[in-house]
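Note sheet for the following structure.
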Amino acid sequence: MKLAGFLILLLISSFATANQSPILFSQNSYHQITENEQSFIMLMWSLDCPPCIDELIMLGEVVKDHPDLNLILVSTDSISRTHDIHSFIEQAGLKTMKSWVFSDISAQHLRYSIDPLWYGELPRSYFHRKNQPRKSVTGRLHKQQIIAWLENN
Amino acid sequence: MKNILNIITSAFIILALPSNSLAAHGPTQTSAKASALCADVNQLPTLDCATAPSAIFSNAGRLWAAWSYAGHVYVNYSDDNAESFSPPVSVNLIPEKISAHGENRPKIALNNRDDIYVSWTTPLKKRFSGHVRFSYSTNNAKSFSTPVTVNDNLEITGHRFEALSVAENGNIYLAWLDKRDRLKAKKENKKYHGAAVYYTWSDNGGKNFYKNKKLIDHSCECCRVAMDTDSKNMPVVLWRNIYDKNTRDHTLVSFDTEDQPAKPIRVSFDNWQVDACPHHGPDLSVSEADAYHLVWFNNGAENNSSRNNSSGNNSSRNNSSGNNSSGNKGLFYSRINKDKTQTAAYHFGNNLALASHPNVIHKDKQVWITWKEFDGKKETIWSQYSSDNGDNWQKAIWVASTLAGSDYPFLLANENSVYIQWKTNKEGFKLFPIYEYTEKIAK
């Protein structure tokens, strides 16, 4: 019985760990996200991008006061860096946000599936509000932009 | 002309197709086969295992390549224009982390005696930190010197994105993005935007390097640095800089003597305002007559009013000779003459197909550029040719396409020809000859 209990705990714990790992972002993912979500900010970022790191740390601070902020985090790093991606998101205080990582097919194809005119600069953000055209921003976001977006939501 | 272009197009279609005639470890294996081979610890890796190789021709026409896999930089060569390669030789016997991506990859350079010089960045534990590493071989890559760290500041901060070049007299130059001053500012609770550009040189074949010197503060921190050498054996360095608060334009520096850089000059005026990592560095090729051929990417405003307003003291830019309908957005070519006057920026490539990652090379007054485009399905490399030092450009020609991801394209020249190096995930490492076709167009 004890063993069964231990196995169940192990299973739950593995499931929880798997849930925390970034989800693989494929060519249909952006479509799925826009189908399933109402108002959200999708943030494209990378471990190799200094302003992205600053931006995510800032967002972690914002989320403390605004837990209703719906962020979708998409890392353009390789899936081999999943552990580092997850560690950093946790460190930034964003582990409750949905997190994705580019799958190993061509990054160019994945970028195109989101935005055919995006060259790959990071960070890149897409502000989505239901029934409204999305707004894209290249470069580091500022706290005021997020607060203003939340207030108009 | 149209017939000639058709011949060229046909030729490149054939070149772009995978060949079955290559050896089992040749460069055209599919990525799945390559992955299986790379994972086999009992076999030496091949160029197909590498994500971001560099290559150069020797005077005798041998193609040398430097690339990395699983903690080692490898060097090997091809005597048949990349149809097959020699077994690779490991440069660093002790494995270490090696940066190998679009903007930052192992580099290779040769002197006149075909001594081989290799550099790379080794990332350190702290995020965005790294050291610039260097090694050389004087015995045709039979063995390499123990790698040394070139940056003389050994703090755990950024010393990355190095460029490597060797002058005719054998002087070896390295320039890189360096965050030692940013770290110092942080310790003093001061703000420091971007990185600095530092350089060093060796006049004894890489046995020793001179003390590092700073070229500038506040460069962009994640775009490749470009470097070539001039007729006085001095380096010429080009990088993306940060002007004002967040204007990402390009800066060039030439040198009076090894330890005396001239004042850096701004060479692009696209006024791209962005607080981001473009991951999109420039390139340059310096002619024997000391004309600097420059190419770069910028993503400034669509209209070109800011271009005209921002020319500043660069009056030669007022009237564009190129197709500048895209304002300050996309790919551009410009030449700096020996008297330091600069030609108007010439726009090339299709912005709607994300024209990107330009490369340039010259032979006397002939100049070639190459770049990459994407139409949603295919990644394609294009080339354009000028027979008159970049004053006028022929129509762009399609070179090759791939469906499953690719590296940047690079131009390489040997005594007889000019090639585009392109590594794709599906077709592997390839050379596409373009010299003979552009010669025909010129006639």
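Can you work out which of the residues in segment B:134-146 that are in contact with a Phe, Trp or Tyr (Cβ under 9 Å, 6 or more places away or on another chain) and in contact (Cβ under 8 Å) with a residue 60 or more places away in the chain is nearest to A:LEU47 (Cα to Cα)?
Restricting to residues being in contact with a Phe, Trp or Tyr (Cβ under 9 Å, 6 or more places away or on another chain) and in contact (Cβ under 8 Å) with a residue 60 or more places away in the chain, the top hit is B:PHE134.
Among the numbered conditions (1) out of contact with any His (no Cβ under 9 Å at 6 or more places or on another chain); (2) within 10 Å of another protein chain (Cβ to nearest Cβ), tell me where A:GLN132 comes up short.
(2)
For segment B:345-360, enumerate the residues that are part of a loop (DSSP other than H, G, I, E, B) and under 22 Å from B:LYS377 (Cβ atoms).
If the condition is that a residue be part of a loop (DSSP other than H, G, I, E, B) and under 22 Å from B:LYS377 (Cβ atoms), then B:GLY349, B:ASN350, B:LEU354, B:ALA355 are the ones that fit.
The conditions are (1) within 12 Å of chain A (Cβ to nearest Cβ); (2) modelled with pLDDT under 95, and B:CYS223 fails exactly one of them. Which is it?
(2)
Can you spot a residue in segment B:99-119 that is under 16 Å from B:LEU174 (Cβ atoms) and of a type in the set (Lys, Arg)?
Yes, segment B:99-119 has at least one match.
Out of the residues in segment A:122-133 meeting the condition of being over 22 Å from B:CYS222 (Cα atoms) and at pLDDT 95 or above, tell me which one is surrounded by the most Cβ atoms within 10 Å (Cβ to Cβ).
Filtering segment A:122-133 for residues that are over 22 Å from B:CYS222 (Cα atoms) and at pLDDT 95 or above, the one surrounded by the most Cβ atoms within 10 Å (Cβ to Cβ) comes out as A:TYR126.
Do the conditions hold for A:TYR119, that is, is it over 18 Å from B:CYS277 (Cβ atoms) and buried (at least 17 other Cβ atoms within 10 Å of the Cβ)?
It is false that A:TYR119 is over 18 Å from B:CYS277 (Cβ atoms) and buried (at least 17 other Cβ atoms within 10 Å of the Cβ).
Cβ-Cβ distance below 8 Å, separation of 6 or more or different chains: which pairs start in segment B:415-428 with a residue that is closer than 11 Å to B:PHE57 by Cα and modelled with pLDDT under 95 and end on one that is among the polar types (S, T, N, Q) and surrounded by fewer than 24 Cβ atoms within 10 Å (Cβ to Cβ)?
Correct list of pairs: B:GLU415/B:ASN59.
Quick check on B:TYR408: is it surrounded by 17 or more Cβ atoms within 10 Å (Cβ to Cβ) and in a loop (DSSP other than H, G, I, E, B)?
Yes.
Exactly one condition in (1) surrounded by fewer than 24 Cβ atoms within 10 Å (Cβ to Cβ); (2) away from chain A (no Cβ under 13 Å) is false for B:ALA353; which is it?
(2)
Return the total of residues in segment B:257-287 being part of a strand (DSSP E or B) and within 14 Å of chain A (Cβ to nearest Cβ).
Here the count works out to 2.
Going residue by residue through segment B:431-440, is there one that turns out to be basic (Lys, Arg) and in a strand (DSSP E or B)?
Scanning segment B:431-440 turns up no residue that is basic (Lys, Arg) and in a strand (DSSP E or B).
Hey, does segment B:121-132 have a residue that's away from every other protein chain (no Cβ under 14 Å), outside any strand (DSSP E or B) and under 19 Å from the mean Cα position of the chain (by Cα)?
Scanning segment B:121-132 turns up no residue that is away from every other protein chain (no Cβ under 14 Å), outside any strand (DSSP E or B) and under 19 Å from the mean Cα position of the chain (by Cα).
Can you find a residue that is within 14 Å of another protein chain (Cβ to nearest Cβ), of a type in the set (Phe, Trp, Tyr), touching a residue at least 40 places away in the same chain (Cβ under 8 Å) and in a loop (DSSP other than H, G, I, E, B) anywhere in segment B:204-215?
Checked against the condition, which is being within 14 Å of another protein chain (Cβ to nearest Cβ), of a type in the set (Phe, Trp, Tyr), touching a residue at least 40 places away in the same chain (Cβ under 8 Å) and in a loop (DSSP other than H, G, I, E, B), segment B:204-215 yields no hits at all.
I'd like to know if segment A:83-92 contains one or more residues that are under 24 Å from B:VAL274 (Cβ atoms), modelled with pLDDT of 95 or more and either polar (S, T, N, Q) or surrounded by fewer than 17 Cβ atoms within 10 Å (Cβ to Cβ) (or both).
Checked against the condition, which is being under 24 Å from B:VAL274 (Cβ atoms), modelled with pLDDT of 95 or more and either polar (S, T, N, Q) or surrounded by fewer than 17 Cβ atoms within 10 Å (Cβ to Cβ) (or both), segment A:83-92 yields no hits at all.
The values are calculated or read from the model by the stated rules, or taken from the named source; none is laboratory data. Predicted, not measured: the structure shown is a model, and the values here were computed from it. Here the Cβ is made from the backbone with ideal geometry for all residues, glycine too, and neighbour counts use every protein chain on show.
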